[in-house]
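Structure record follows, encoded as structure tokens.
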Amino acid sequence: MTTALEKEKAAAAPTTGDGRRGSHALRWWVLAVLGVAQLMVVLDATVVNIALPAAQADLHFSNGDRQWVVTGYALAFGSLLLLGGRLSDLFGRRTTFIVGLIGFAGASAIGGAAGSFEVLVGARVAQGVFGALLAPAALSLLTVTFTEPKERAKAFGIFGAIAGAGGALGLLLGGALTEWASWRWVMYVNLVFAAIALVGAIMLLAKHTATQRPKLDLPGTLSVSAALFAIVYGFSKAESDGWTNSTTLSFLIGGVVLLAVFVWLETRVAHPLLPLRVILDRTRAASYLTVFAIGIGMFAMFLFLTYYMQQSLGFSPIMTGVAFLPMVAGMVLSSTTVPSLLVPKVGPRVTVVTGFLLAALGMALLTRIGVDTAYASHILPSLILMGVGLGTAMSTAFIGATSGVQHSDAGVASAMVNTSQQVGGSIGTALLSTLAATALGNYVSDHGASPAALAEAAVQSYTTAFWWAAAIFVVGAVVTGLIMPNKVPVPSEGEPVLAH
């Protein structure tokens, strides 16, 4: 017998033109669940960085091995995202989301209890594997749940704010947990996030109904996973061993070749892993490029500004995290207001280009820093500008990246967002680290290695990275302006689900 509450839920559920409805009527609670899961995954990209020195002292591993705690996660996550997205399309987003949550929590528990370096790295790799299931499933659930344009803009704005601000919040949380508890709590805290999201997912998410289940594109899966692994690993090797290193070049060239093979395969298989219609749409293509460019600049900004505040200004890890909060506030404010207010009036192209240019201005202002400049005058204005600019561009890109997709492609379209950001972050960290190191070396060779010269050389290396990041944001603005149509993105198709 149908209750009044069930009728109310059914009436409130978003529908598409063909009568399909989204996940279910309690969609704002669904957003909260998805937001918690997304925050957990995004936090893990930065929260571990601050805890690394403490973990290294506890588990007695070398500086050379230390990078694998970060790289292991990035390699697994980045290389398996497209597969994770397609699995959510094939086997149901709810199932994939729940499996990802449980696996991520289990890997986090093992990492927190790790008694050796090998166990810690293994746990980080497992986190990456399950994160690659979780992240696309979360965004695709959002995509098929919110199909009414105004609600969609607001929901994606909130989700985009979480995705963008999570990195900065990770620095704060990592610093607080390491300083007040133990580095192990950087891993254990994921159990809290996962438990909340898991209860919500089981209670709220409607079950997917599969009318057909096409076969998985195995050649495409193997080629693109190997390609993304090679590219992410190649850039991590470039950061540590240089661009002319034979291993670096082999992996980067091999990755590009495998990527070309993947594209060729996708034009010839019956059920492609990534249907080319997903990326050939101009709105979606420009949105992926936007997220990619933001990934290059934002990851590098977190890295070098953290170095500057801790090593040059003497900030503690917690103070560094607090110092990033104005940027978080700017991102949350712009992400939650711009998509619903500006995009319908001026269009996505104008909105994204404006966001890029604001972020570029903020990054350029950061180049004014010196050895002992003040936070309030030289860092705070830049962080606010970048928060507003990046929040504007990223939240709009999230809407565009999943616009107009069939529900059967929502997972892989969502995975492309995460892949773009992950590869962008890998490239940005490697490229800008190399440019910064070159600037530092040149300054020292010209001015000597006295303490004062070394302090100034470090600042020169950071400002060099900031100038390049600003240039990348300007290029992002130009490319997006040329590619993206200035029409409001079409909502995605709702998902067929079982009635409650």
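So here's what we get for this one:
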quantity	calculated
Enumerated helices (runs of 4 or more DSSP H) restricted to the stretch 9-113, each holding at least 1 residues that are out of contact with any Pro (no Cβ under 7 Å at 6 or more places or on another chain) and modelled with pLDDT under 80	47-59, 63-91
Top-ranked residue in the stretch 304-322 [being in contact with a helix residue (DSSP H, G or I) (Cβ under 6 Å, 6 or more places away or on another chain) and hydrophobic (A, V, I, L, M, F, W, C); ranked as most open to solvent (accessible area, probe 1.4 Å)]	F315
Only one of A393, A413, A376, A397 that is more than 30 Å from A436 (Cα to Cα), small (G, A, S) and either touching a residue at least 12 places away in the same chain (Cβ under 8 Å) or open to solvent by 20 Å² or more (accessible area, probe 1.4 Å) (or both)	A413
Tally, over the stretch 453-479, of residues that are touching a residue at least 40 places away in the same chain (Cβ under 8 Å), more than 30 Å from V352 (Cα to Cα) and small (G, A, S)	2
Output for the stretch 340-353, where each listed residue is open to solvent by less than 10 Å² (accessible area, probe 1.4 Å) and within 19 Å of L385 (Cβ to Cβ)	T351, V352
The lone exception for E118 - which of (1) over 19 Å from S225 (Cβ atoms); (2) open to solvent by 10 Å² or more (accessible area, probe 1.4 Å); (3) in contact with a helix residue (DSSP H, G or I) (Cβ under 7 Å, 6 or more places away or on another chain); (4) among the charged types (D, E, K, R) it fails	(3)
Among residues of the stretch 172-205, those that are part of a helix (DSSP H, G or I), open to solvent by less than 10 Å² (accessible area, probe 1.4 Å) and of a type in the set (A, V, I, L, M), counted	5
Failed item in (1) open to solvent by less than 20 Å² (accessible area, probe 1.4 Å); (2) at pLDDT 90 or above, with V405 passing the rest	(2)
Elements of type helices (runs of 4 or more DSSP H) contained in the stretch 206-281, each with 3 or more residues being free of Cβ contacts under 8 Å to residues at least 12 places away in the same chain and loosely packed, with under 13 Cβ neighbours inside 10 Å	246-266
One residue from A161, A138 being at pLDDT 90 or above and either under 17 Å from the mean Cα position of the chain (by Cα) or on the phi > 0 side of the Ramachandran plot (or both)	A138
Scan of the stretch 428-442 for residues that are open to solvent by less than 50 Å² (accessible area, probe 1.4 Å) and modelled with pLDDT of 85 or more, ordered by number	G428, L432, S433, T434, L435, A436, A439, G441
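The values are calculated or read from the model by the stated rules, or taken from the named source; none is laboratory data. As the structure is a prediction and not an experimental result, all values here were calculated from the model. Positions of Cβ are generated from backbone atoms using ideal geometry, with glycine treated the same way; all protein chains shown enter the neighbour counts. Areas reflect the complete protein model, heavy atoms only, side chains present, ligands, DNA and RNA absent. Shrake-Rupley method; radii C 1.70, N 1.55, O 1.52, S 1.80 Å.
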